[in-house]
Amino acid sequence: MTVRLPLAPARALELSIDGRTVSVPEGASLLDACRQLGIDVPTLCHAPNLTPVNVCRVCVVEVEGARTLVPSCSRRAEAGMVVKTDSERVRLARRLVMELLASSVDLSTAPEASSFVERFGARPDRFGPPAPAAERGERERRQPGHHAAPRPGAAETVAQPVKLDNPLFVRDLGKCMLCYKCVEACGADAQNTFAIAVAGRGFDARISTELDVPLPDSACVFCGNCIGVCPTGALMFQSEHQLRAAGQWDEAQQSQTDTVCSYCGVGCVITLHAQGGRIVKATSPHDSEVTGGHLCIKGRFGWGFVRSRD
Amino acid sequence: MDLRALESLPSDVERVAIDAVLGPEPAVPSASWSSAQGRRHLLLPALHAAQARVGFVSPGALGYICQRLEVAPAEGFGVASFYALFALGVRPPVALHVCDDIACKAAGVDHLIDGLTREVSASAEHAWHRSPCLGLCEQAPAALYTRAGDPPVERGLGRLTLERAIAALRTGPIAVEPAPALPQRGESGLRLLVRVGHVDPSSLDDYRAHGGYRALRRALEIGPAGVLRELADSGLLGRGGALFPTGRKWEAVARATTRPRYVVCNADESEPGTFKDRVLMEQDPYALVEAMTIAGVTVGAERGFIYLRAEYPLAAERLTHAVAQARLRGLLGDDVLGRGARFEIEIRRGAGAYVCGEETALLASIEGHRGEPRSKPPFPVEVGLFGKPTVINNVETLCNVPFIVEHGASAYRSVGTAGSPGTRLFCVSGRVEQPGVYELAMGVTLGELIARAGGVIGGGAPAAVLLGGAAGSFVGKASLDLRLSFEDTKRQGVTLGSGVVLVLDDSVPLEPILARIAAFFRDESCGQCVPCRVGTVRQEELITRLAKRQPAGSLAGELGLLRELGQVMRDASICGLGQTASSAIESAVERLGAFREGEP
């Protein structure tokens, strides 16, 4: 038997955040340091079970001496740093980032992002009414380095038809804020399937399979870990999508039951969400030691048998 | 990892072209995943080979490349679809990429494009496309001609007319290279351009006859410590625009505790209006090879990469030849100059992405990933190419090194200003009599520089000058006394950037130029971070409203929104692209009163 030795304790370092001194272990992020002080720094693309990609920029803070704001989720705390989390510059950046997101992405099923729009007083309508949605396949055909001239008076969005190509989940990329979480969960951070990646460039960048083939023709194994990390509802269980379409989705009426998946011996913790006596989706707590929030196709989708008469 | 291959197969000619880059397919598939992962950096070269053979990257070619390199097809597609010059749908073999960027606009390319729209219809044989700046600004209007085949043809076309554009599309380009304007040829006191126009760019002997390789010899005599000392004392600052002291960069890598280390030359010169590095690489390619070799032996790197923008076919050809000649003559390889040092250079070509000029994006691109920048720190001197300590310098920066090593720091500092020692290459284009690259001591005034370029066409006065490119800023004629040094420009809140001096007169309306700059950043944003990805779209929409005199609400409100967008892109974007995307536009509003004409 191997004996696991305790890791050497990380050295502590001290920094100042909003005038308060905090001591954190070496290697901690500024976000960790802020949270240790109870400072509520907003994040969108950050997830505790994924590598930080620092793309949403809503977690930016001001570090004395730095030319630009820095992303707190990925910037390591350094001894002697003087950090401001609520300066004029930080507030402007957060407000505008939410205005840019909310003016281009449908946040109607993204409760956290929507709450930030409110919290920062963002007014996405400042950029004008949304331009008409793209037709099916139009965004996929765009060539990087070229784009159609802006439609006068309208704000371009990523609105487009929902992709329905499999019985288990839908991809509504009009709701995608390009946080990269699904790509990470599909790739090296969890599933190691690499069925999806970011394709295209700039505003036309999108999450895609190879050559935009439907999911069943791709390497997708339908583990649903992409749904598990999606913060906007762009990736959604068919069950939820259909109930929403019928106006019957009602989270207030839902129960959540933690249980252990019955399929194999790993013992994954799953949370079954039920509405009206029916399971409507399955998740796993991201702090579960067994799953880290990730499941496989059986735990994620294989609960139809519960209501089988056989 | 369970890779699923694309079902389409490559054609025989595609397979041969790809195998020429990747080597023949092994009879037994590689059992080692890690060995294939180590070849992901061949993704771009393989995609180039496929496209150069048939004119586009077919599903079969993409699938075959991904299979050979054991890259997930979704990731391979993500990379290929990132670059403007890779076409993933069927395209005709002949393509003409016509530059409609700022310098070519100032030269009236819009008429030419109207003509092409009118007279050239889509065909199975050829197609033309609009292109961002091709770095041929002194020969504006310009285009890049490509013809797929074996061998493929790629050529930059300068001083383009509608007739020549149509003729090129139909019968191929006439067989002359674009003649670069070398206005200072024969002048004394030149350092970077001293051989340009005199030396035969294909001849290593001629390069040596003009003083080449004396600096490398000297570098080996005085050793790494000596080179680092001269470099530090010279005060050389990076010419890519960020002004980082080159000596400190080299020293950090030389002192790194990890190996291997790399030297990377940033030859992705894509800042609109910039063409100096192209002239250096085309006219004096051995100088860059020598400079990189000095870097390699100084910092203890055994491999160097030149990341060259795809739009420079002549530079690619001449550098490839120069590297091969240097290797043949023992100036590269296992035993450089017989002194036991090992150094190799590989040339990697971009594929149409301005953002790859950002150093971390450039490194990602070489590694076979999307050209997405990452947050710094860590800086490339610690975590660079393949995660290893890396010196990454611009072409012009590197080409300053041989002079410093050969003649010493004090000789280097004998011209220029205290804060900006040495000379600088200025890319003068637009409405001047003699556009071209000018090497002048730092501290020359803007007015003197324009006068050196023959002044404004027809003897008029400049109405506006764009300094530093699309990421730079506009100044008006009140700034003709501005001294072009790092410290003077900084004091004025402008930048020399990549050395762009684009001169506009009253014949060129400013607002379409600003609209083109806004469109450029919208096109070139990598798309990672929200401020840049959406901010550049909103900025272009705003500029369109202002140019049409259709503000949403009051003009003051719109200009306020423009400033807010600018500040947040500057403050919260990951990299320099987003951070400078509003710079030129904001400067034109502030200094030149853009969009206010016709307002009460």
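Structural remarks
- Probe 1.4 Å, protein heavy atoms only - accessible area per residue of chain B in square angstrom: 35 Å²
- The GluC sites (Glu not before Pro) of region A:206-310 that meet both conditions, a loop assignment by DSSP and at most 16 other Cβ atoms within 10 Å of the site Cβ, are A:GLU289.
- Buried between A and B is an accessible area of approximately 5000 Å², summed over both sides with a 1.4 Å probe.
- Sequence-distant residues sharing a close amide H with B:VAL500 (under 5 Å, placed H): B:CYS427, B:GLY468, B:GLY469
- Within region B:363-386, backbone nitrogen closer than 12 Å to the virtual label 7 Å beyond the Cα of A:ALA66 toward Cβ: B:375-378
- Of all lysines in the structure, those lying under 23 Å Cα to Cα from B:LYS105, and not within fewer than 8 positions of it along the same chain, are B:LYS276, B:LYS477, B:LYS548.
- Note on B:SER554 and B:ALA225: their simple-model spin labels are 6.8 nm apart, each label 7 Å out from Cα toward Cβ.
- R0 of 30 Å, Cβ-Cβ distance B:SER203-B:ILE174: FRET efficiency to nearest 0.05: 0.75
- Summed over qualifying helices (DSSP H, 4 residues or more, each -39500 (n - 2.57)) and divided by its residue number, chain A shows a 222 nm mean residue ellipticity of -5000 deg cm²/dmol.
- With both residues required to sit in chain B, DSSP beta bridges show an antiparallel share near 50%.
- Chain B shape via C-alpha gyration tensor axes, a/c threshold 1.5: rounded
- Take the Cα of A:THR257, step 7 Å toward its Cβ, do the same at B:LYS376, and the gap between the two points is 5.6 nm.
- Ligands, DNA and RNA are left out, and with a 1.4 angstrom probe the accessible area of chain A is 47 Å² per residue.
- Over chain B, relative contact order from alpha-carbon pairs under 8 Å, at least 6 apart, %: 13 percent
- Sum of -39500 (n - 2.57) over DSSP H runs of 4+, divided by residues of chain B (222 nm, nearest 500): -12500 deg cm²/dmol
- Per-residue HN-Hα couplings for region B:201-210 [Karplus 6.51, -1.76, 1.60; θ = phi - 60°; Hz; x = Gly/Pro]: x, 9, 10, 5, 4, 5, 4, 5, 5, 9
- Residue-averaged beta-carbon neighbours from other chains (10 angstrom radius) around B:76-89: 6
- For the peptide A:151-159, the mean number of other protein chain Cβ atoms found within 10 angstrom of a residue's Cβ is 3.
- Cα-based radius of gyration for region A:169-310, normalised by 2.2 N^0.38 Å, reads 1.07.
- Amide H contacts of A:PHE169 (H built 1.01 Å from N, under 5 Å, at least 5 apart or other chain): A:GLN238
- For the protein assembly as shown, share of DSSP beta bridges that run antiparallel, in % to the nearest 5: 65 percent
- Whole-Hz couplings from phi, Karplus 6.51/-1.76/1.60, listed for region A:254-261; x for Gly and Pro: 9, 9, 10, 10, 7, 8, 10, 4
- Annotation for region B:426-502: GluC sites (Glu not before Pro) lying in DSSP loop with at most 16 further Cβ atoms inside 10 Å of their Cβ are B:GLU433.
- Over region B:12-80: Rg over Rh, Cα atoms, Kirkwood Rh: 0.93
- Antiparallel %, DSSP beta bridges [both residues in region B:204-412], to 5: 15 percent
- Within straight-line reach of A:LYS84, meaning a Cα separation under 24 Å, sit the following lysines at least 8 residues removed in sequence or on another chain: B:LYS376.
- FRET efficiency, 1/(1 + (r/R0)^6) with R0 41 Å, evaluated for A:ALA133 and B:ASP110 via beta carbons: 0.85
- Between B:ARG248 and A:ASP40, the simple spin-label model (points 7 angstrom out along Cα→Cβ) gives 4.0 nm.
- Here is the list for region A:10-118: GluC sites (Glu not before Pro) lying in DSSP coil, each with at most 16 other C-beta atoms within 10 angstrom of its C-beta, are A:GLU26, A:GLU64, A:GLU78.
- Residues losing 40 Å² or more accessible surface upon assembly, region B:508-550, compared with the chain by itself, 1.4 Å: B:ARG522, B:ASP523, B:GLN528, B:VAL530, B:ARG533, B:VAL534, B:ARG538, B:GLU541, B:ARG545
- With N the number of residues in the protein assembly as shown, Rg(Cα) / (2.2 N^0.38 Å) evaluates to 0.96.
- Under 5 Å, built H, 5+ apart or other chain: amide partners of B:VAL336: B:ALA341, B:ARG342, B:PHE343
The values are calculated or read from the model by the stated rules, or taken from the named source; none is laboratory data. None of these values were measured; they are calculated from a predicted model. All Cβ positions, even for glycine, are placed from backbone atoms using ideal geometry, and neighbour counts span all protein chains on display. The accessibility values were calculated without ligands, DNA or RNA, using every heavy atom of the protein model including side chains. Shrake-Rupley method; radii C 1.70, N 1.55, O 1.52, S 1.80 Å.
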